[in-house]
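To keep things clear, I will list the structure first and then write my remarks on it.
Just so you know, all these numbers are worked out from the coordinates, no wet-lab data involved. Just so you know, these numbers come straight off a predicted model, no measurement behind them. Here the Cβ is made from the backbone with ideal geometry for all residues, glycine too, and neighbour counts use every protein chain on show.
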Amino acid sequence: MKIAVLTGASSGLGREFFKNLQNIEDIDQIWIIARRANRLEQMAADAKIFTRAIPLDLADRGCLEQFSDVLKQERPDIRILINNAGFGKLEYIYDLDYAQQIDMISLNNGALTALCAMCLEYMHEHSFIINVASIAAFAPNSRMSVYCSTKAYVLSFTKCIRQELKPRKINALAVCPGPMATEFLDVAGISGGRSKTFERLPYCDASLVAKKSLEYAKKGRAVYTPRLFFKFYRLLCRILPHGFVMKFSKT
Ligand SMILES: NC(=O)c1ccc[n+]([C@@H]2O[C@H](COP(=O)([O-])OP(=O)(O)OC[C@H]3O[C@@H](n4cnc5c(N)ncnc54)[C@H](OP(=O)(O)O)[C@@H]3O)[C@@H](O)[C@H]2O)c1
């Protein structure tokens, strides 16, 4: 049983990944994870290939244990793991409830790390992992301190494991998109003119990001940054002091 595991499948980029996964020939099943069970079940019912809806709150340690138990029971052949679930908050550190800050770290970093660790036992040569980071990984940003920091972790962690996994011929790709028109913006509190930077930035097309991410992960690439504009931003963040970059990138 060759499977693809996809987190954050119930909306936005996750849904786009799901559409693309259904067209990959050597995948027999897709396992989709998010909290909203009704959405996952509808997606599974409409899917072209067998899809298993696994409603879990990945910020909850108990749910991670549940997923680990499913893996131990089924012992699947995982060909593709996509750690896409994540959220951000546009708020100063002192204005944001500490519980939400911890949840952000638990989901964006804790769950992503746990899923990589537990799924790798069931991954073999030529399989791959896609971890969704963000352009927020390239330099710190005030008003999104926790989010930026979690995404910097995702980028760094993915590069680390890619190196570790080379002898096993498993690739890990970090995807670093700019803004996309998804539920992320409402969840983060970015909509409604709260950030001039987000209004000015060019947007990435989530369907293209999903398609290209799968192509590049298969080809063995390390990092994928959609759009020339953000590739240039990534370069600037490498050569300029971050204190300087932050004056212009303030969200
Ligand atoms: N949109 C952007 O501007 C943007 C830019 C750069 C990077 N990203 C990254 O892209 C990824 C996908 O985001 P998106 O734009 O598609 O946003 P989205 O539409 O809000 O999707 C987020 C997904 O994560 C799931 N999720 C949230 N909390 C969860 C939890 N505790 N447990 C399990 N699943 C959870 C959500 O499902 P449920 O609510 O059903 O649980 C949803 O399926 C995220 O990692 C995000 O940081 C987004």
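Summary table
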{"quantity": "Positive-end residue, the stretch 2-249 charge dipole about Cα centroid, Cβ charges, pick of 44, 153, 202", "calculated": "202"}
{"quantity": "Distance (nanometres) between label positions extended 7 Å along Cα→Cβ at residue 186 and residue 248", "calculated": "3.4 nm"}
{"quantity": "Per-residue Cβ neighbour rank within 10 angstrom, fewest leading, 30, 49", "calculated": "49, 30"}
{"quantity": "Cβ-Cβ FRET estimate between residue 69 and residue 38, R0 fixed at 22 Å, reported to 0.05", "calculated": "0.40"}
{"quantity": "Sum of -39500 (n - 2.57) over DSSP H runs of 4+, divided by residues of the chain (222 nm, nearest 500)", "calculated": "-14000 deg cm²/dmol"}
{"quantity": "Mean Cβ neighbour count within 10 Å, used as a protection proxy, ranking 153-165, 100-112, 239-251 highest first", "calculated": "100-112, 153-165, 239-251"}
{"quantity": "Local electrostatic count, residue 165, Cβ distance below 13 Å [Lys/Arg +1, Asp/Glu -1]", "calculated": "+2"}
{"quantity": "Length-normalised contact order for the chain - Cα pairs under 8 Å, 6+ apart - percent", "calculated": "20 percent"}
{"quantity": "Protection proxy ranking of 125-132, 18-25, 191-198 - average other beta-carbon atoms within 10 Å, highest first", "calculated": "125-132, 18-25, 191-198"}
{"quantity": "Convex hull volume of the stretch 207-251 per residue (C-alpha atoms, cubic angstrom)", "calculated": "88 Å³"}
{"quantity": "Kirkwood-based Rg to Rh ratio, the stretch 62-155, C-alpha trace", "calculated": "1.05"}
{"quantity": "Residues with amide H under 5 Å from that of residue 51, placed H, sequence gap 5 or more", "calculated": "30"}
{"quantity": "Alpha-carbon Debye profile of the stretch 1-137, log10 I(q)/I(0) at 0.10, 0.11, 0.14, 0.21 Å⁻¹", "calculated": "-0.32, -0.39, -0.62, -1.34"}
{"quantity": "Estimated vicinal HN-Hα couplings, Hz - the stretch 200-217 in sequence order (Karplus 6.51, -1.76, 1.60; Gly, Pro = x)", "calculated": "8, 5, x, 9, 9, 8, 4, 5, 5, 4, 5, 4, 5, 4, 5, 4, 5, 5"}
{"quantity": "Efficiency of FRET between residue 28 and residue 215 - r from beta-carbon atoms, R0 25 angstrom, step 0.05", "calculated": "0.75"}
{"quantity": "Phi-based couplings in Hz for the stretch 64-73 (Karplus 6.51, -1.76, 1.60; Gly and Pro marked x)", "calculated": "5, 4, 4, 5, 4, 5, 4, 4, 4, 6"}
{"quantity": "Extension gain (nm, one decimal) between residue 98 and residue 196, 0.36 nm per residue minus Cα-Cα", "calculated": "32.7 nm"}
{"quantity": "Percentage, to the nearest whole number, of Cα pairs in the stretch 151-193 over 17 Å apart", "calculated": "51 percent"}
{"quantity": "Cα-based Rg / Dmax (Å) for the stretch 2-249", "calculated": "17.4, 51"}
{"quantity": "Linear extension gain, residue 228 paired with residue 117, 0.36 nm per residue minus alpha-carbon span", "calculated": "36.7 nm"}
